[in-house]
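One structure below.
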Amino acid sequence: MIRQKSAFAWFLAPALFLYLGFLILPMVASLPLSLFDWSGAGPIRDFLGLDNFAAALRDTAFLEAALHNVWLFVALFLFTNTVSLGLAHLLDRRYALRDVYRAIIFLPYVLSTIAIGFIWQLMLSPSIGILNPMLEAVGLGSLTQVWLGDPQFALWCVIAAFAWQWNALSTVIYLAGLQNVPKELREAAVSDGAGAWQVFRHVTVPALAPSFSTVNVLLVIVAFRAFEIAYVITGPIGAPDGATLLMGVDIYSNAFATSSAASSTTTSMSYAMAQGVLLSITLGILAFGLLSYFGRRERNAR
Amino acid sequence: MPGDPTARVPPRRRLPAPRSLPGQALLVLACAVVLVPCYFLVLGAFKTVPEFFSSPFSPPQSWGLDNFVEAWDEADLTTAFRNSVLITATSVLLSTACACLAAYAIARMTRGANLLQTLFVAGLVLPTQLIVIAAFVEMRWLGLIGTPWPVIILYAVYGLPLAVLLLTGFFRTLPPQLLEAAAIDGAGAWRQFALIALPLARVPIFTVILLNSVWTWNDFFVPLVFANHESLQTVPLAILNFYGENTTNYGLVFAGVTMSAIPVLAVYILMTRQFIGGVVAGAIKG
């Protein structure tokens with residue numbers, strides 16, 4: 001057995017080398033780097049202590065971006081726990097077209113974020129898009145907008161694209177959860193005289209606790225790490241005028257984009273790292289908070 | 001296995017189900033919401049620019065492949081596809097190989113297994129932006145900027161959490177007696193792994209390769225940071241840059257996007273069930 005243990009160390013070595021060397025080490029190193037004044041190229045200048053963090057917490061562009069991430073989470077939370085859950089419920093039966101419906105509903109998950117971003121941007125375009133003509137065709141011409149050009153609507157358009165993408169995974173997770181709910185449980189409830197809604201509310205929902213936990217933790221991660229779709233649709237400054245800026249996009253722009261117009265004047269690597277550390281802390285607290293909350297509820301449900 | 005309809009045993013007594021007409025209608029509506037944008041994309045790939053304005057809904061006047069040919073040349077998709085294939089293949093093989101070894105060790109260890117697993121799973125939670133930016137500093141320090149290695153290494157690293165998670169889960173289900181029997185016959189840890197455990201893990205290994213390949217193929221954040229030269233571009237990045245240069249040539253952009261999606265769609269259509277099953281398993285264990 002002793003020989004086995006030393007063999008296991010060799011088994012672990014390549015993966016640990018890659019993982020520690022290229023994920024954990026740079027991640028940990030970013031913490032001290034965020035305490036300095038460093039543009040990203042050239043020498044590391046003065047030690048600033050927590051100044052970068054203080055600046056980030058006073059940076060209105062970053063704080064507004066954080067608020068946009070919160071709205072993204074709230075919208076995704078409401079959307080998946082109604083629409084995706086409902087779709088999963090509708091798919092939780094065997095019938096001819098079930099697998100076809102499921103394959104189509106899951107499709108957005110395999111499309112690249114580039115494709116999703118372009119499709120949404122051009123569908124919503126006031127010149128060549130199809131949303132405005134569609135509204136006109138059904139007699140709702142008064143609702144046509146410039147969508148992504150209007151600061152009032154742009155963020156919600158971007159959020160809709162995220163919802164379109166993540167409905168796919170949320171629905172199949174809920175579907176898998178529903179299929180693990182013991183049939184006898186529901187049948188017993190029915191024979192006790194419970195209606196469809198009561199069965200759903202008092203039998204299905206409690207039994208779905210693990211799926212709620214999975215989906216909602218996933219959504220926290222999705223909403224606070226969000227970058228790609230927003231970057232494709234509205235670019236590095238969250239056009240128009242920062243209305244769709246997300247934290248991830250702001251961090252990227254501060255680290256690399258030379259013309260980070262909407263954001264603060266400090267365009268530097270160390271500042272972006274400080275923002276990144278703040279984002280990591282937020283994400284960590286939310287993800288582990290939710291996990292332990294759902295973990296408790298799961299235990300109570302048993 | 002979740003999502004496998006055959007897993008549900010057939011006495012098909014159903015609960016009172018409102019799934020008949022309104023249910024079907026809602027599902028058709030949901031599918032339409034998914035398919036209309038895709039329809040818009042694919043039709044657009046064949047259209048000329050004036051057609052976008054004159055007839056937004058109708059099919060293109062000709063189904064010629066001019067847009068595809070032109071987009072392929074102008075966006076230099078030959079280079080981009082070659083880069084994407086090489087980067088995806090190398091990084092997925094590297095991370096799958098490392099993950100197989102690590103997952104087997106974690107599954108068979110008694111002490112420290114949970115700690116190691118938590119360490120790898122944490123990678124699924126960390127914000128991509130910070131770890132990529134921090135890795136950029138490290139890669140420049142190593143002098144690797146301007147080579148394809150940063151992208152390959154980082155994709156291999158970012159593929160590890162899911163791979164370790166899924167494969168550890170599988171190796172834990174192997175009966176220990178199987179491996180003990182081999183040990184009695186004199187097989188060391190390496191031979192137990194290579195001759196017994198690995199061949200049994202073909203299906204989960206395939207799932208891991210499938211999921212990580214699609215993710216790597218589609219991602220553009222890592223190359224956005226590292227592929228600072230046209231010769232290093234992957235397909236998504238080439239399309240993004242192409243769009244930046246041809247903002248109003250919609251037909252070409254759509255043709256480019258369509259071509260970038262074809263390989264993934266082909267894989268998805270051929271292997272829908274494995275794909276959905278694997279994604280769900282990964283999400284639930286994460």
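If you average the alpha carbon positions of the range B:51-69 and of the range A:165-191, how far apart do those two centres end up, in angstrom? Answer, in whole Å: 43. When only the Cβ of Lys, Arg, Asp and Glu is charged (+1, +1, -1, -1), the dipole of the protein assembly as shown relative to its Cα centre reaches about 2780 debye. What does the charge count near residue A:215 come to, summing +1 for each Lys or Arg and -1 for each Asp or Glu among other residues with Cβ under 15 Å from its Cβ? So the surrounding residues net to +1. Ranking B:65, B:173, B:33 by Cα position along the charge dipole of chain B, where only Lys, Arg, Asp and Glu carry charges on their C-beta atoms, puts B:173 farthest toward the positive end.
Residues A:249, B:157 in ascending order of nearby Cβ atoms (within 10 Å, fewest first): B:157, A:249. Residues considered: A:47, A:17, A:118. Largest GNM mean-square fluctuation over chain A, using C-alpha springs under 10 Å, is found at A:17. Each of A:204, A:169, A:279 was placed along the dipole of the range A:169-302 (beta-carbon charges, centred on the mean Cα), and the one lying farthest toward the positive end is A:204. Separation of the range A:68-135 from the range B:180-197 is 48 Å, based on Cα centroids.
Ranking B:252, B:101, B:150 by Cα position along the charge dipole of the range B:76-285, where only Lys, Arg, Asp and Glu carry charges on their C-beta atoms, puts B:101 farthest toward the positive end. What longest range of chain B stays clear of loop-exposed trypsin sites (Lys or Arg not before Pro) (DSSP non-H/G/I/E/B, at most 13 other C-beta within 10 angstrom)? Result, exposed sites excluded: B:112-286.
Among residues other than residue A:35 whose Cβ falls under 14 Å from its Cβ, what is the net charge (Lys/Arg +1, Asp/Glu -1)? Residues close to residue A:35 contribute a combined charge of -2. Springs between Cα atoms under 10 Å define the GNM used for chain A, and in it the highest mean-square fluctuation of A:270, A:84, A:125 occurs at A:125. Legend: helices of chain A (whole DSSP H runs) are marked when their alpha-carbon atoms reach 30 angstrom or more along the helix axis and their mean Kyte-Doolittle hydropathy is at least 1.6; nothing is marked.
Read the figures in this text as sums done on the coordinates, not as results from a lab. Fair warning: this is a prediction, and the values are worked out from it, not measured in the lab. With ideal geometry, Cβ positions are generated from the backbone for all residues, glycine too; neighbour counts draw on all protein chains shown.
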